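Chemist: Just passing along the structure, written as structure tokens.
What follows draws every value from the coordinates through simple rules; no lab data is involved. As the structure is a prediction and not an experimental result, all values here were calculated from the model. Here the Cβ is made from the backbone with ideal geometry for all residues, glycine too, and neighbour counts use every protein chain on show.
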């Protein structure tokens with residue numbers, strides 16, 4: 001993977017962090033930055049339950065944070081539901097293991113918020129995010145820290161006139177050429193299906209079904225099918241597509257005219273975090289430029305204006321995007337999956 005060409009114009013500024021004795025909703029002045037860093041250094045470590053980014057890049061982020069602050073990050077990485085089940089088990093047994101939790105499934109955070117398991121914290125770096133990534137939770141209990149865009153992806157060797165919109169996918173010329181993910185098994189496929197139903201209704205799925213798409217549980221399967229030429233078009237996050245393209249596969253992206261789907265995945269601090277100051281400092285890092293460079297290098301979306309995506313991708317500020325609401329994710333995905341099962345019989 002080519003190195004990112006970003007040259008950061010400023011180092012990470014940890015401004016306005018909370019005073020150690022301040023209430024959870026207050027902020028501190030610049031003079032308190034060293035105090036919280038000192039307190040975090042005394043804690044010496046934190047544990048990160050992470051499912052929103054792959055293990056290699058999670059470890060890379062942990063190492064960069066440790067190199068900067070001398071604070072060890074214990075990375076515990078698993079798929080979203082496995083990671084959430086582990087966290088729920090900890091909480092049910094009053095065990096304080098995790099400091100920061102990051103998941104693809106925003107529904108996990110709604111559950112944690114309802115159960116009072118998160119602590120409010122608004123990082124100073126939140127104000128430097130692109131506006132579309134700000135205020136994911138109005139109460140500051142969780143924040144967008146990783147994001148992916150779902151677009152139309154295709155085999156560039158065999159497709160010279162790709163679909164320009166989501167409705168173009170239903171054109172009969174794509175019969176037997178589509179690869180799709182199942183919304184009941186893939187979070188990204190679920191977000192895509194929920195928006196298709198919201199925009200175009202049940203008839204959209206009925207038109208797709210007539211084209212006999214190959215439906216897999218994992219969107220990685222769709223990426224492999226496009227690479228081999230067995231199928232030619234899919235709806236997928238752009239990160240695996242561009243990663244495969246970097247390896248020489250004939251893949252390309254079409255940002256749909258009716259809007260690419262932006263999936264923001266959150267992180268939050270556990271209320272019973274054993275290392276609360278280190279957790280706050282780590283949340284600042286996750287919203288800062290260094291971590292966003294890591295995201296850019298891995299073809300995730302960059303969330304800050306001062307970090308540009310690699311060639312082949314566009315900033316969300318340059319394209320039309322659809323940002324699912326929390327209700328779209330928590331209620332829309334199960335509803336779309338039910339319609340999908342009814343229409344496709346699977």
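Chemist: Please compute, for the alpha-carbon atoms of region 143-217, the extent along each of the three principal axes and give them in descending order in Å.
Modeler: Over region 143-217, Cα extents along the principal axes are 41, 30, 22 Å.
Chemist: If you rank 104, 215 by fewest surrounding Cβ atoms within 10 Å, what's the result?
Modeler: The order, fewest Cβ neighbours first, is 215, 104.
Chemist: Additional query: Report the residue, chosen from 265, 114, 330, that carries the largest GNM mean-square fluctuation when the chain is represented by alpha-carbon nodes joined by springs under 10 Å.
Modeler: Maximum among the listed residues: 114.
Chemist: Follow-up question, since we're still on this one. Using Cα atoms only, what is the angle between the long axis of helix 80-92 and the major principal axis of the chain, expressed in degrees (0 to 90) to the nearest 10?
Modeler: 40 degrees
Chemist: Any idea what angle helix 276-286 forms with the longest principal axis of the chain, computed on alpha-carbon atoms, 0 to 90 degrees, nearest 10?
Modeler: 40 degrees
Chemist: Once you keep just the Cα pairs under 8 angstrom separated by 6 or more residues, what percentage relative contact order results for the chain? Numbers along the way, then the final one.
Modeler: On the way: 670 pairs, mean separation 89.1, N = 346.
So the answer I get is 26 percent.
Chemist: Something else about it: For region 60-131, rounded, prolate or oblate, judged on the Cα gyration tensor with a ≥ b ≥ c (square roots of eigenvalues), a/c < 1.5 rounded, else prolate if a/b > b/c?
Modeler: It is oblate, given that a/c is not under 1.5 and a/b is not larger than b/c.
Chemist: Also, I was wondering about something else. Order of 333, 326 from fewest to most other C-beta atoms within 10 Å?
Modeler: Working: 333 25, 326 14.
Lowest to highest Cβ neighbour count: 326, 333.
Chemist: What FRET efficiency comes out for the pair residue 210/residue 326, r = Cβ-Cβ distance, R0 = 25 Å, nearest 0.05?
Modeler: Step by step, r from the Cβ atoms, then E = 0.15.
Chemist: Taking the number of other C-beta atoms within 10 Å as the exposure measure, put 301, 318, 206 in order starting with the fewest.
Modeler: Ascending number of Cβ neighbours within 10 Å: 318, 206, 301.
Chemist: Of the candidates 288, 248, 332, which one comes out as most mobile in a Gaussian network treatment of the chain with C-alpha springs shorter than 10 Å?
Modeler: 248
Chemist: So, one more: Please compute, for the alpha-carbon atoms of the chain, the extent along each of the three principal axes and give them in descending order in Å.
Modeler: The principal-axis extents, from largest down, are 64, 43, 28 Å.
Chemist: Now for a different question. Quickly estimate the mean residue ellipticity at 222 nm for the chain, helices only: each DSSP H run with n ≥ 4 gives -39500 (n - 2.57), and the total goes over all residues, rounded to 500.
Modeler: Only helices count here, giving -10500 deg cm²/dmol.
Chemist: With angles folded into 0 to 90 degrees, how steeply does helix 55-69 sit against the dominant principal axis of the chain? Use alpha carbons for both and round to 10.
Modeler: 20 degrees
Chemist: Let a ≥ b ≥ c be the square roots of the eigenvalues of the Cα gyration tensor of region 90-241; is it rounded (a/c under 1.5), or, if not, prolate (a/b larger than b/c) or oblate? List each step's numbers first, then the result.
Modeler: Numbers: a/c = 2.37, a/b = 2.17, b/c = 1.09.
Prolate, because a/c is 1.5 or more and a/b exceeds b/c.
Chemist: Right, next: Please give the length that would be gained between residue 338 and residue 86 if that part of the chain were fully extended, namely 0.36 nm times their separation in residues minus their C-alpha to C-alpha distance (nm, one decimal).
Modeler: Roughly 88.0 nm would be gained on extension.
Chemist: Rounded to two decimals, what is Rg over Rh for region 215-343 when you use alpha-carbon atoms and the Kirkwood radius?
Modeler: 1.02
Chemist: Now, a different point. Alpha carbon centre of region 41-71 versus region 297-346: separation in Å?
Modeler: If you average the Cα positions of each part, the centres end up 26 Å apart.
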